[in-house]
1. From the set of residues in the range 78-109 that are farther than 16 Å from residue 58 by Cβ, hydroxyl-bearing (Ser, Thr, Tyr) and touching a Leu at 6+ places or on another chain (Cβ under 9 Å), which is most open to solvent (accessible area, probe 1.4 Å)?
2. So, in the range 1-20, exactly how many residues are under 15 Å from residue 97 (Cβ atoms) and open to solvent by 30 Å² or more (accessible area, probe 1.4 Å)?
3. Give me a count of the residues in the range 36-48 that are out of contact with any Lys or Arg (no Cβ under 9 Å at 6 or more places or on another chain) and in a strand (DSSP E or B).
4. Sort out which residues of the range 81-108 are assigned to a helix (DSSP H, G or I) and either touching a helix residue (DSSP H, G or I) at 6+ places or on another chain (Cβ under 8 Å) or under 19 Å from residue 52 (Cα atoms) (or both), and write them in order of number.
5. Would you confirm, using the coordinates I've provided, whether residue 63 is open to solvent by less than 70 Å² (accessible area, probe 1.4 Å), free of Cβ contacts under 8 Å to residues at least 40 places away in the same chain and farther than 18 Å from residue 6 by Cβ?
Amino acid sequence: QVQLVESGGGLVQAGGSLRLSCAASGRTFNFYAMAWFRQAPGKEREFVAAVSWQGDSTYYADSVKGRFTISRDNAKNTVYLQMNSLKPEDTAVYYCATGSRVLTERRSNYAYWGQGTQVTVSS
């Protein structure tokens, strides 16, 4: 089993920045891609970004490309999401996920999920 705990969410004004972290414990998460998803009220959970297990490949949703950066530190079992130029439409609960051996936006590929952290962007 892998346990994931997100942190770093909060309230920020439009144009501001936040850095989310996700710490993994339990079974090693090496060899798995890591991803961030988000879910706004009344909407489906959607893909945000993913990083390969070695950290050398990344994949972003079009809506965040150029503003968000995903990275990982396998020595610390942690994945990060640097979010810049935030917009009110980025408001959501952000979840990290792992368990996929491929870099993908498909939710069903990820077996392990955190509890989420709230990000609120005011206009």
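The values are calculated or read from the model by the stated rules, or taken from the named source; none is laboratory data. This one's a predicted model, so the numbers in the text were calculated from it and none came from an experiment. As a convention, Cβ positions derive from the backbone with ideal geometry for all residues, glycine included, and neighbour counts pool all protein chains shown. For the accessible areas, the whole protein counts, side chains as well, though only heavy atoms, and no ligand, DNA or RNA atoms are used. Shrake-Rupley method; radii C 1.70, N 1.55, O 1.52, S 1.80 Å.
1. 95
2. Our first condition is that a residue be under 15 Å from residue 97 (Cβ atoms); within the range 1-20, this holds for 1-6, 20.
Applying the additional criterion that residues be open to solvent by 30 Å² or more (accessible area, probe 1.4 Å) yields 1, 3, 5.
Selection size over the range 1-20: 3.
3. Total meeting the criteria: 1.
4. If we filter the range 81-108 for residues that are assigned to a helix (DSSP H, G or I), which is where we start, we get 88-90, 107-108.
Once the filter is applied, which keeps residues that are assigned to a helix (DSSP H, G or I) and either touching a helix residue (DSSP H, G or I) at 6+ places or on another chain (Cβ under 8 Å) or under 19 Å from residue 52 (Cα atoms) (or both), the range 81-108 yields 107, 108.
5. On the way: open to solvent by less than 70 Å² (accessible area, probe 1.4 Å): yes; free of Cβ contacts under 8 Å to residues at least 40 places away in the same chain: yes; farther than 18 Å from residue 6 by Cβ: yes.
Yes, satisfied.
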